[in-house]
Every structure is written in structure tokens, then in C-alpha cells.
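Step one of this worksheet: look at the structure below.
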Amino acid sequence: MALIKEKDREKLIGIMKIIEEDVKIVMFTQENECQQCQATRGLLEEVAALSEKVSLEMRDFEADAEMAKNLGVDKIPATLILGEKDYGIRFYGVPAGYEFNVLIQDILDVGKRSPGLDEKTKEVLATIQKPVHLQVFISPT
Amino acid sequence: MANDNISADMVSGSEFPFLVVKYNVSGVPHTVVNEEHGIAGALPEKDFAEEIVKAIGA
């Protein structure tokens, strides 16, 4: 059964036409998939099918442990949104409910190679000269 | 994306309860900056950016 409703699917296909550059989604799961990993994979497979600019690469948290380590992935399900480089965008847990909107917005931003932020916000962020790791906790909706 | 120094994770609290305990998260959204500073709630984006700068003492 499709996780994305037909009506939403059509709308998303239209929205994703603004994607200019390739977006690569990398997901880390494991051989014996947990329920949340299955749900995440199912959702991402449907998302990747919405645009030919969006691809999905599946990785195994154990078999690809070194890659996971290099990408800073320490738990699963992990979803990474990459462009021609790693922007440090990660989702841990199922990107469903309200987080699905965030997932789509991040894909669009990476596809445009431009964050959808105000100029004022960008000015503030540009002053940061040391590594900053943000972990935004949310509750599933 | 605005600054290569910044990485951002979304963490689902229900799937990673040990992190909720570790970072003392009592409501959502809750943002942990560099493992030690907490920003509770949602803020307008510019205010949020300023809170991050304040948290790291840049």
C-alpha cells in the first residue's frame, strides 16, 4: 500500500519540478529491519520515485559501518540528504507526519543548492566559524 | 547549508528515548547545540540563529 496518498503524490511531483540539481538520499538500515526502518525505507522509496533528480541509496549500518562512521551516522533509521557535497543534513527516525514536510523542504533546498532562509538569518549564520552540531528533537505526529 | 560549519540532525524522541534522557529534553521542539546547550521551543529563524551563535559563544 502506498504511504503517500495519490492526491499528495501528484502535488509533490509538481512541487519537485523546481529541483535543478541532483539530490541523493542515503538511508542506513540493517539486515533485520526494525519497524521504523521499514517505514522509513518505504517512505523514501516513494519520495525518490517522485523526481528523476532524486535518488535513493540504501546502506547497511553494520556492513557499511565505516561509511556510517565517516558520515557521522551513529543510529538508525538514518536518512541523509546529500547534494554534490554533504551539507550535514540528517533525519534520525521516520520522517513522517509533520517531519515529512521538513524532509521535502530539505530535498527542495538541496535540489536548488540554496537554503530557504532570510538574508538576515544567513548573515547571522555566516559569522559562525567553528563546528556546530544541532540536534533538533521532535515528537512524531 | 548556509554555513559548512553547521550540521543539523532531526531526532525523533520516541525512537531514541535514551537521547531524550541524556539531553534532558522535556518538550519539543528542543535543540541541542554541540552536545551541551539546549534551546527550548521554536523561534523565528533569525532569533534561532542568534541563539545558536550565543550558545557557542562565537
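Residues of the range A:5-20 include at least one that is assigned to a loop (DSSP other than H, G, I, E, B) and either over 29 Å from A:GLY72 (Cβ atoms) or basic (Lys, Arg) (or both).
Scoring A:GLN36 on the criteria (1) closer than 21 Å to B:VAL11 by Cβ; (2) polar (S, T, N, Q); (3) more than 8 Å from chain B (Cβ to nearest Cβ) leaves a single failure, condition (3). Go through the residues of the range A:114-135 one by one and say whether even a single one is more than 7 Å from every other protein chain (Cβ to nearest Cβ), under 23 Å from B:GLU15 (Cβ atoms) and surrounded by 18 or more Cβ atoms within 10 Å (Cβ to Cβ). Within the range A:114-135, none of the residues are more than 7 Å from every other protein chain (Cβ to nearest Cβ), under 23 Å from B:GLU15 (Cβ atoms) and surrounded by 18 or more Cβ atoms within 10 Å (Cβ to Cβ). Report yes if some residue within the range A:75-97 is assigned to a helix (DSSP H, G or I), among the polar types (S, T, N, Q) and modelled with pLDDT of 95 or more; otherwise report no. Within the range A:75-97 (the criterion being assigned to a helix (DSSP H, G or I), among the polar types (S, T, N, Q) and modelled with pLDDT of 95 or more), the answer is no, since none of the residues qualifies. Those strands (runs of 3 or more DSSP E) of the range B:1-53 in which at least 2 residues are within 7 Å of chain A (Cβ to nearest Cβ), considering only elements entirely within it, cover B:6-12, B:30-33.
Being more than 23 Å from A:LYS53 (Cα to Cα), at pLDDT below 95 and β-branched (Val, Ile, Thr) holds for only one residue in A:THR141, A:THR127, and it is A:THR141. Of all residues in the range A:107-119, those being out of contact with any Phe, Trp or Tyr (no Cβ under 8 Å at 6 or more places or on another chain), touching a residue at least 24 places away in the same chain (Cβ under 8 Å) and either part of a helix (DSSP H, G or I) or closer than 14 Å to A:MET27 by Cβ (or both) number 4. Candidates in the range A:17-50 are the residues that are buried (at least 18 other Cβ atoms within 10 Å of the Cβ) and farther than 17 Å from A:VAL102 by Cα; of these, the one that is nearest to the chain's Cα centre (by Cα) is A:PHE28. In the range A:59-107, of all residues being out of contact with any helix residue (DSSP H, G or I) (no Cβ under 8 Å at 6 or more places or on another chain) and on the phi > 0 side of the Ramachandran plot, the one that is surrounded by the most Cβ atoms within 10 Å (Cβ to Cβ) corresponds to A:GLY88.
The values are calculated or read from the model by the stated rules, or taken from the named source; none is laboratory data. Since this is a predicted model, take the numbers as computed values, not measurements. Glycine also receives a Cβ, built like all others from the backbone with ideal geometry; neighbour counts cover every protein chain displayed.
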